[in-house]
Amino acid sequence: MNYNIIVIISIVICAIISMLISYYLVLFILGENSSLFKIAQLIITIVSMTTFYAPIKYLLMKFMDIEQEEREKND
């Protein structure tokens, strides 16, 4: 599997997790009728995406064994 595909998959997984976390966290803290709802949701989404992206990508690369495949192609 190609490295670029792993990056795309990890971004999609990270975006889904971040949107769910941010929606329910802001809903719990502020309520949906608050005027700051979307702004707080955006900030929490950005923070959680930067937090979760690297570990998810690392786990996918380890699970898919990308580095081993790349070395075999070069030899």
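The values are calculated or read from the model by the stated rules, or taken from the named source; none is laboratory data. Not measured: the values here are computed from a predicted model. Cβ sites come from the backbone with ideal geometry, for glycine too, and all protein chains shown count toward neighbours. Areas reflect the complete protein model, heavy atoms only, side chains present, ligands, DNA and RNA absent. Shrake-Rupley method; radii C 1.70, N 1.55, O 1.52, S 1.80 Å.
Angle of helix 3-29 to the longest C-alpha principal axis of the chain, folded into 0 to 90 degrees and rounded to 10: 20°. Think of the chain as having a plus end and a minus end, set by charges on the Cβ of Lys, Arg, Asp and Glu; of Tyr53, Phe28, Ile8, Phe28 sits farthest toward the positive end of this dipole. Angle check, please: helix 37-64 long axis (alpha carbons) against the longest principal axis of the chain (alpha carbons), in degrees 0 to 90, nearest 10. So the helix axis and the longest Cα principal axis differ by about 20 degrees. Report in % the part of the accessible area of segment 1-65 that belongs to carbon and sulfur, leaving out ligands and nucleic acids; probe 1.4 Å. Heavy-atom surface of segment 1-65 belonging to carbon and sulfur, 1.4 Å probe: 77 percent.
Going by accessible surface with a 1.4 Å probe and the largest first, Phe37, Phe52 read Phe52, Phe37.
A simple charge model with +1 on the Cβ of Lys and Arg, -1 on the Cβ of Asp and Glu and nothing else charged puts the dipole of the chain at about 320 debye relative to its Cα centre.
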